[in-house]
Ligand SMILES: Cc1cc2nc3c(=O)[nH]c(=O)nc-3n(C[C@H](O)[C@H](O)[C@H](O)COP(=O)(O)OP(=O)(O)OC[C@H]3O[C@@H](n4cnc5c(N)ncnc54)[C@H](O)[C@@H]3O)c2cc1C
């Protein structure tokens, strides 16, 4: 009887709630108005620069991942980026030639710059104007082609790749293209395209790095004389640092806060951040000194100016665009960020995969190629699988730009994760090559990459900040179907309209959360086996799509509960925000990897790379879920979340050693899969180049291995037991002398030994590293 009464009461309560929620005026008056008032109170204040940063760019595949139910057909339908015949020819000829013109050791340790010939070549051939349309004399390459070029150049020399990367990234050309006046475009773009002008862009100040909106550099609107004429202009004072190409630039893009104390432009005293183009020879502009960023030797330095007068025409877009600088920068940020660092760091990973894999086969210890030891297999596996995934991310993200997107969150994910994985890949590479990587010199193929990796971590949004604040912080607001609507409603000056909009968004949001609570639980209980997957996907990847949908649903739910419980506080809870961002990122990385596997025709030989990368990343996503749940500020909610997200425990373990072994094996022998993995690596085919030497040594090693196996068998049988020449270096000769190998076989072994010895040797120098010789030369020259 009592249970019947309780059931009836619950039924009545639920029915009343349902009626209340479905009659909009009632729910608005009784629920939304109160929630709205509280929401407005706890919503953190947002500065204009924060708002403009948040609203910039577009939402792309990240939106699907955030919505909890990604449309995989959409992912599969994104066109696969391809080079045009002209772009392919540029890669095959101009890019190859540019690579051949630089010698990284000479650049980084002798000349401290690229040769004049290399500089002239990249200027003449349009490398600095890849994003400039043909009508202005530029190459007008696709984003994908741009990415391919940077990737390849990065496998050769960072000074070369950065000098090409920066003019094609966020800077004068990009800003002029979008906001320049016709006069500015017609004057500067053809000159930038031909390298007559070398651009740099100066935002960062010693006092404002990550928080770039707070730069103390100022311009004061005033009257002054310009080329003999009285004009309204600006007196600008700046102190910038870290400016890439700054020391050699001829035209400096400059960001500063503009003030108009005398009201010469209008009522606004603080006009806002403004971007101007300052020719190098502008009187008072101090440009030319240099920093040394980890011996990379691309040009980078400070620039200063005090009360430098310049006309308003120097503002990009002219007087109409004063105060619009921050919006301009934020709107253009995504394109460059999607390409530059993901490409240069994917290049470093490709180079590592190619050279370290080969080295691990050429170098033997304990009578075996080091790449065959299980311990060495582990880093080799990471190098291979990460490189596969990083390149997948690079290509898919560049493809988004070619689709006309400006994907702000996706570009941050690509930048953060490709640079972090490059750090892991190169670190692993260093471990595998041991002392060979540590001793710098012309024959070291990895040491400079290792040395310079932190640059990518710091620039274009330092990584800790990107992970802590941007990935989820911006992602949640931009990609969530309701959060931005709720925020806009709260900021609406028309309170009644705000309440109306909030009510719609809030109840949509509540339903969305409930849907994903049940969705995540249901998929967890059924192991996501019933999630539908497009019929066109490779059968071996079907489970990944299903599990990704499950994780996406769980992520949507977890994100909502986190925002609900923590509200504006989540902005300060950077560790939680970072882990939520990790989940979103892992889902993106996995999507790109599956996309690559399909786009490249489901190459069976690449399957181990794909499987290992997917397992590893799904496992990391699972750990990120755990990190959020275990540290959830309200303990009982954390426990509830665990039950919903992982009702039957964790679905993923670490990737299997069996697949890891297949990946490691792929790394140490030539194959089409290895060629695909390292397709953009510049490969000089000569033993005098370190990359060429290790490549040739790998081939020679493979040819020698069967012969060597026979020698080893003879050795076991005691053929050399009392022969002092049968040592690790000279065994081949001893075997030939003992008649165990033929003359022809001995030639093969000798060739292998020669190349092996080139590869394993490290450089040595005079004890003073040649300083006294240099001084003598200088003295002679002076005399
Ligand atoms: C080689 C090089 C080239 C560059 N090129 C240019 C250029 O051409 N033009 C230009 O304008 N700038 C350039 N920069 C500047 C670059 O973009 C800035 O260095 C970057 O924004 C970081 O600033 P910072 O080094 O002062 O670090 P800081 O801002 O001092 O940050 C230090 C650390 O604190 C972290 N951090 C800061 N705030 C937070 C937060 N809220 N939450 C969590 N972590 C946080 C950062 O992630 C970082 O790890 C370049 C820098 C370098 C090193």
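Between 191, 156, the distinction of being away from the ligand (no atom under 16 Å from the Cβ) and in contact with a helix residue (DSSP H, G or I) (Cβ under 6 Å, 6 or more places away or on another chain) belongs to 156 only. Scan the range 499-516 and tell me whether some residue there is in contact (Cβ under 8 Å) with a residue 60 or more places away in the chain, within 30 Å of residue 610 (Cβ to Cβ) and in contact with a helix residue (DSSP H, G or I) (Cβ under 8 Å, 6 or more places away or on another chain). Yes, the conditions are met somewhere in the range 499-516.
Looking across the range 702-734 at every residue that is surrounded by 15 or more Cβ atoms within 10 Å (Cβ to Cβ) and more than 51 Å from the chain's Cα centre (by Cα), the one that is nearest to residue 665 (Cα to Cα) is identified as 714.
A quick yes/no check of all residues on (1) farther than 27 Å from residue 376 by Cα; (2) out of contact with any strand residue (DSSP E or B) (no Cβ under 9 Å at 6 or more places or on another chain); (3) at pLDDT below 95:
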site: 325; (1), (2), (3): yes, no, no
site: 332; (1), (2), (3): yes, yes, yes
site: 336; (1), (2), (3): yes, yes, yes
site: 340; (1), (2), (3): yes, yes, no
site: 346; (1), (2), (3): no, yes, no
site: 354; (1), (2), (3): no, yes, no
site: 358; (1), (2), (3): no, yes, no
site: 361; (1), (2), (3): no, no, no
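Can you confirm whether residue 659 is under 30 Å from residue 343 (Cα atoms) and touching a strand residue (DSSP E or B) at 6+ places or on another chain (Cβ under 8 Å)? Criteria not met by residue 659.
Put simply, of 394, 467 the only residue that is in contact (Cβ under 8 Å) with a residue 24 or more places away in the chain, over 28 Å from residue 370 (Cβ atoms), away from the ligand (no atom under 16 Å from the Cβ) and in contact with a helix residue (DSSP H, G or I) (Cβ under 6 Å, 6 or more places away or on another chain) is 394. Exactly one residue out of 548, 558 is surrounded by 22 or more Cβ atoms within 10 Å (Cβ to Cβ) and within 29 Å of residue 79 (Cβ to Cβ): that is 548.
Just one of the listed residues (272, 266, 284) is outside any strand (DSSP E or B), at positive phi and surrounded by 15 or more Cβ atoms within 10 Å (Cβ to Cβ), namely 284. In the range 194-231, the residue that is farthest from the ligand (Cβ to nearest atom) out of those that are part of a strand (DSSP E or B) and touching a helix residue (DSSP H, G or I) at 6+ places or on another chain (Cβ under 6 Å) is 199. Tally the residues that are over 30 Å from residue 390 (Cβ atoms), surrounded by 13 or more Cβ atoms within 10 Å (Cβ to Cβ) and without any contact (Cβ under 8 Å) to a residue 40 or more places away in the chain, restricting the search to the range 644-682. Of the residues in the range 644-682, 0 are over 30 Å from residue 390 (Cβ atoms), surrounded by 13 or more Cβ atoms within 10 Å (Cβ to Cβ) and without any contact (Cβ under 8 Å) to a residue 40 or more places away in the chain. Here residue 44 passes the criteria (1) at pLDDT 95 or above; (2) part of a loop (DSSP other than H, G, I, E, B) except the one numbered (1).
When residues in the range 448-464 are screened for being in contact (Cβ under 8 Å) with a residue 12 or more places away in the chain and either away from the ligand (no atom under 12 Å from the Cβ) or assigned to a helix (DSSP H, G or I) (or both), 11 of them pass.
Residue under question is residue 523, and the condition is that it be assigned to a helix (DSSP H, G or I), touching a residue at least 24 places away in the same chain (Cβ under 8 Å), under 30 Å from residue 613 (Cα atoms) and away from the ligand (no atom under 16 Å from the Cβ); does it hold? So residue 523 fits the description; yes.
Entry remark, the range 696-754: residues being assigned to a helix (DSSP H, G or I) and on the phi > 0 side of the Ramachandran plot number 0 in total.
The values are calculated or read from the model by the stated rules, or taken from the named source; none is laboratory data. Predicted model only: the values in this text are computed from it and were never measured. Cβ sites come from the backbone with ideal geometry, for glycine too, and all protein chains shown count toward neighbours.
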